[in-house]
1. Any idea what the dipole of the chain comes to, in debye rounded to 20, about its Cα centre with Lys/Arg Cβ at +1 and Asp/Glu Cβ at -1?
2. Which whole-number percent gives the relative contact order of the chain, counting Cα pairs below 8 Å spaced six or more residues apart?
3. So for segment 30-78, averaging the separation of alpha carbon pairs under 8 Å that are six or more residues apart and normalising by length, what relative contact order in percent results?
4. Under the definition of Cα pairs under 8 Å and six or more residues apart, what whole-number percent is the relative contact order of segment 157-240?
5. Would you list the membrane-span-like helices of the chain, meaning whole DSSP H runs whose alpha-carbon atoms span at least 30 Å along their axis and whose mean Kyte-Doolittle value is at least 0.0?
6. Can you compute the modelled spin-label distance between R167 and K268, with each label point 7 Å from Cα toward Cβ, in nm?
7. Kindly provide the helix-only [θ] at 222 nm of the chain, computed as the sum of -39,500 (n - 2.57) over DSSP H runs of four or more divided by all residues, to the nearest 500 deg cm²/dmol?
8. Place a point 7 Å from Cα of A239 in the direction of its Cβ. Which residues in segment 147-161 have their backbone N less than 19 Å from it?
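The values are calculated or read from the model by the stated rules, or taken from the named source; none is laboratory data. Values in this document were obtained by computation on a predicted structure and should not be read as measured data. Glycine also receives a Cβ, built like all others from the backbone with ideal geometry; neighbour counts cover every protein chain displayed. Each accessible area value is taken on the protein alone, full model and side chains, heavy atoms only, with ligands, DNA and RNA left out. Shrake-Rupley method; radii C 1.70, N 1.55, O 1.52, S 1.80 Å.
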Amino acid sequence: MRAWTLIVILAVGGLATESVSPHQQSSPTVQDPQIIRLWPEAAPGALGDRDEDTPTLTVQLPSKPTGPVTAVIVAPGGSYRALSMIKEGREPAEYLNSLGLAAFVLKYRLGPKYHHPAQLGDAQRAIRLVRARANQWGIAPDRIGMFGFSAGGHLASAASTHFDAGRAQAADPIDRVSSRPDFAVLAYPVISFIEPWTHQGSKTNLLGDAPDPQVARGLSSDTQVTAATPPTFIYHTNADTAVPVENSVAYFLALRKAGVPAELHVFKDGAHGTGLGQQDPALAVWPTLLANWLRASGFYGR
């Protein structure tokens with residue numbers, strides 16, 4: 001049985017850690033961001049050629065990496081209908097860059113125009129793409145994680161529970177590598193589509209008005225955890241009424257049962273959609289807790 005940790009935080013004050021908080025960071029020095037398409041041509045199942053039909057990654061690399069660095073694919077939230085590209089995309093990417101990590105902000109396809117499996121396919125392709133180009137970007141191919149907020153947290157958990165090793169004979173070399181993330185970070189994630197505390201907006205936008213119950217269950221990530229699910233850090237607030245904390249607790253307990261290393265932080269206050277929480281002194285520490293977990297888990301500071 002692998003180690004696991006449960007930490008529930010009801011109030012935070014005067015916490016001393018070795019990590020540097022976002023408040024203490026200077027503006028991160030990064031290479032100029034570059035936006036790349038996940039597929040050079042149309043994405044599988046594309047329904048047009050507009051921006052909304054074209055999943056992309058915004059590549060944000062640290063300017064002076066020291067050896068192969070950890071990479072994190074960031075999936076913003078927005079109920080699978082919109083994307084919070086600043087608070088849950090660019091700002092987390094900049095924080096990761098300030099730690100010396102590479103960040104890739106994922107623009108995935110959205111409902112109601114696109115339903116499952118388009119979004120999961122976009123996430124899997126993003127992981128494969130970063131891994132396939134690891135040498136080009138100075139990335140360690142065995143330290144590629146996925147960081148998702150809200151519906152993006154659901155997408156990160158889905159990628160953590162639905163993956164494959166790649167197809168060795170695939171014509172596209174990107175399809176030859178694994179789509180498994182090496183770790184996951186979930187911030188107030190949507191997890192279940194079958195419980196009373198399901199976020200119905202995300203469910204409808206992803207699966208439509210009358211989804212197949214088996215598909216809904218298969219995309220309820222707490223039911224899909226196995227020993228192969230990657231180590232996971234989870235952040236939520238007890239006061240979240242949009243996506244109740246039961247989502248995070250259920251996923252943590254599933255990870256614990258499977259013996260997957262996991263850490264859960266539940267803060268007393270804070271509405272849904274806090275991002276990095278820098279406007280609230282009680283919540284602002286959570287990115288530092290994440291940095292500590294990344295270091296302790298061997299994904300940061302190597």
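1. Values: 25 positive and 25 negative charges, 125 e Å.
Here the size comes out at about 600 debye.
2. On the way: 659 pairs, mean separation 63.0, N = 302.
Answer for the chain is 21 percent.
3. Numbers: 42 pairs, mean separation 21.7, N = 49.
After rounding, I find 44 percent.
4. Values: 100 pairs, mean separation 29.3, N = 84.
Relative contact order here is 35 percent.
5. Numbers: long enough: none.
Membrane-span-like by this rule: not one helix.
6. 5.4 nm
7. Values: 8 runs with 76 residues, N = 302.
Rounded to the nearest 500, it is -7500 deg cm²/dmol.
8. Under cut-off, by backbone N: 150.
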